[in-house]
Amino acid sequence: MAAEWFFSGASELSCGTCFFCCDVWRHEKRGCNCNPFLGRRAEWRTRTADPRITNALLYQLSQFGKPSAKVWQNLETAKLLGAFFASKRTFFYFCASLEQKLRMKKKILLVLFSVAAVALVGVGVLSAMLLQHRVVLPSAAMEEGACIYIDADDDVDSVRAKSALGWRFDWYARLMDFRPRTGRYVVDDGMRSLDLYRRLRNGQQSPVQLVVPSVRTLDRLASRLSAQLMLDSAQLASAFCDTTFTAEYGYSVATLPALFVPNTYEVYWNIGLSALMRRMVQENARFWDGGRRAKAEAIGLSPVEVSTLASIVDEETANDGEKPMIAGLYLNRLRRGMLLQADPTVKFAQGDFALRRILYSHLDVDNPYNTYRYAGLPPGPIRIPSVAGLDAVLNAVSHPYIYMCAKEDFSGTHNFAVTLSEHMRNARRYARALNERGIK
């Protein structure tokens, strides 16, 4: 079909004269629209034995391209080309055009290859900067432990600033959407920037070691807990004074200090208030289920009462070795129905733990925590009792002492007495030491 088209359309596609002149310059100057390589194709057919080769040659020359190897190698085609390019000018023009096109193609390929190579290098460099870049921490941060804290007020911009990933954070965010997740995230020395971004994006936070301290007031407890958690100290302090809130966990505002068992607990930095309280209830139950509840029952006290007495013992001395002795003394007074007359309860009733000398005027305060006026244990612990104080009450030393007074050497220990007269002698020695030091 292609051969028939070429031959039947030859007279229509050419002017019929260009083939004979074979002068491309004159052909173009005359303004002829025909292709000089298409002229008189019917004449060419008689100069070759194989019309298929003629058709192939005409088609390829009409496209100003390079003929195939099969056409060039054909002897009859070579004769046809010799006749066709009778004019040297036409032959050289054709070769020059073909060479120019080949050079142009080479240039285009070279440019494309260069652009592709630069693009590949750029992609490689960008990939290395994004995927292989590692977070480098200063030596001080390595010693202290570098962490990123994301709270409820943080947004994408603030997290970007805290992460110090800079423009890499923006690129990662384009590839993986980012939504801030609260938590404490540890930044390991030498970790990849991409790994840090994924840790922040997926909420892979690290737990904190929450220290529940033995402090004197719930306000101080709220402050200490807030310093270690995302919780606000004002929110904690308000909840600890809310009777409805404390009742949810089986305590009153007065007995709430008995809930907290001083220890170190592993929790997440963004733990909520309710979750924290539930955890404290679980830890309290675990503490009392280890045989301590049976010991409390043996001395006729509930866990809350043990905590209350332990808080007084903790305030009386910092010497853990003496605490079982003091606990035994107060248990003796409780069993005899005597007033505890514990000076720390007077300080608590006065709201002044800094008092170094209890005067008779201090004993008149009308407060249920004043054990000089109210019998039995106070309404609740006067501080968060320590584990040593709790165990001291549960393992109190059995002895006959019912009086004690601080030693005059200010060692933090006490002189114990069975009788009031002996106690008064101890008290006079201590008072004299206070006067000598000018303590009023």
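Listing for the model above:
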item: All-pairs alpha carbon distance profile, the stretch 156-258, 10 Å steps from 0, percent; result: 13, 33, 21, 19, 13, 1
item: Å² of accessible area per residue within the stretch 358-420, as computed with a 1.4 Å probe and no ligands counted; result: 46 Å²
item: Å² per residue, accessible surface of the stretch 229-332 at 1.4 Å; result: 41 Å²
item: Built amide H within the under 5 Å cut-off of Trp269, gap 5+; result: Arg184, Val208
item: Ranked order, Trp288, Trp171 - accessible area, probe 1.4 Å, largest first; result: Trp171, Trp288
item: Euclidean distance of C-alpha centroids, the stretch 311-350 and the stretch 198-236, integer Å; result: 31 Å
item: Residue-level accessible surface for Arg336, protein heavy atoms, 1.4 Å, Å²; result: 150 Å²
item: Whole-percent carbon and sulfur share, accessible surface of the stretch 317-417, 1.4 Å; result: 49 percent
item: Along each principal axis, Cα extent of the stretch 307-440, largest first, Å; result: 38, 31, 26
item: Apportionment of accessible area to carbon and sulfur, the stretch 209-261, percent (1.4 Å); result: 50 percent
item: Of all accessible heavy-atom area on the stretch 266-310, the percent that carbon and sulfur account for (1.4 Å); result: 48 percent
item: Packing-based ranking, highest mean first, of 306-318, 385-397 given that Cβ atoms within 10 Å are counted; result: 306-318, 385-397
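The values are calculated or read from the model by the stated rules, or taken from the named source; none is laboratory data. Just so you know, these numbers come straight off a predicted model, no measurement behind them. Here the Cβ is made from the backbone with ideal geometry for all residues, glycine too, and neighbour counts use every protein chain on show. Accessible surface areas use protein heavy atoms only, side chains included; no ligands, DNA or RNA. Shrake-Rupley method; radii C 1.70, N 1.55, O 1.52, S 1.80 Å.
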